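Taking it in order: structure first as structure tokens, then the write-up.
Each value in this text was obtained by applying a stated rule to the coordinates, not by laboratory testing. Please read these numbers as outputs of a predicted model, since none were measured by experiment. Heads up, the Cβs are rebuilt from the backbone with ideal geometry, glycines too, and the neighbour counts pull from every protein chain shown.
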Amino acid sequence: MIIDVIVASTSRFQRFGLASDPGKAEDLSGKVILERIKNAGNASRYQLLPDGIEPIREAVKKSTAEAIIICGGTGLTHLDLTIEAVEPLFEKTLPGFGEIFRAKSMEEVGTRAMLTRASAGIYHGKPVFCLPGSPGAARLGTDLILAEIVHILKHIGE
């Protein structure tokens, strides 16, 4: 399975441009996600984008992967637009993903977990997951995704 990993970070994008490898963008969260995908026996592609509705939305629309993980842009600042970019594309939502993510996050970071808008849904037959940008959130979210991705894809294909 191929999973596209899109990291939304304006500051990192301004420094490194369209990096196709997290090592070339000093991106620890992207590295965490890619390592976990590889360790689970899957392939991945990495893309660094600036925050913003159009860059993120276009990347999702152009993806040919079986699943997409977007890291970053789920917070509350004016630049955090990942959710606004992708949720209008969803044909179905997976509210349980955000709920479980926040419950597990609460164990690690306490009530700060309420600040994340982690989300997931289905777009053109593929699951799209939106994770916060921290390395801890990348680890937690990717582990949750990989635990259920085969099951999710089976249900989407029915």
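Looking at (1) in a helix (DSSP H, G or I); (2) within 17 Å of Pro132 (Cβ to Cβ); (3) not small (Gly, Ala, Ser), can you tell me which one Val5 breaks?
It fails just one condition, (1).
What number of residues within region 89-108 are surrounded by fewer than 18 Cβ atoms within 10 Å (Cβ to Cβ) and either more than 16 Å from the chain's Cα centre (by Cα) or in a loop (DSSP other than H, G, I, E, B) (or both)?
The total comes to 8.
With the requirement that a residue be within 16 Å of Leu146 (Cα to Cα), out of contact with any Phe, Trp or Tyr (no Cβ under 9 Å at 6 or more places or on another chain) and of a type outside the set (Val, Ile, Thr), what does region 32-60 give you?
Matches in region 32-60: Glu35, Arg36, Lys38, Asn39, Ala40, Gly41, Asn42, Ala43, Ser44, Arg45.
Go through region 8-57 and report how many residues are without any contact (Cβ under 8 Å) to a residue 24 or more places away in the chain and outside any helix (DSSP H, G or I).
The qualifying residues number 3.
Just to be sure, is Ala120 in contact with a helix residue (DSSP H, G or I) (Cβ under 9 Å, 6 or more places away or on another chain) and part of a helix (DSSP H, G or I)? Walk me through it before giving the result.
Working: in contact with a helix residue (DSSP H, G or I) (Cβ under 9 Å, 6 or more places away or on another chain): yes; part of a helix (DSSP H, G or I): no.
So Ala120 fails the test.
From (1) touching a helix residue (DSSP H, G or I) at 6+ places or on another chain (Cβ under 8 Å); (2) within 26 Å of Glu148 (Cα to Cα); (3) among the aliphatic types (A, V, I, L, M), pick out the condition that doesn't hold for Ile83.
Failing condition for Ile83: (1).
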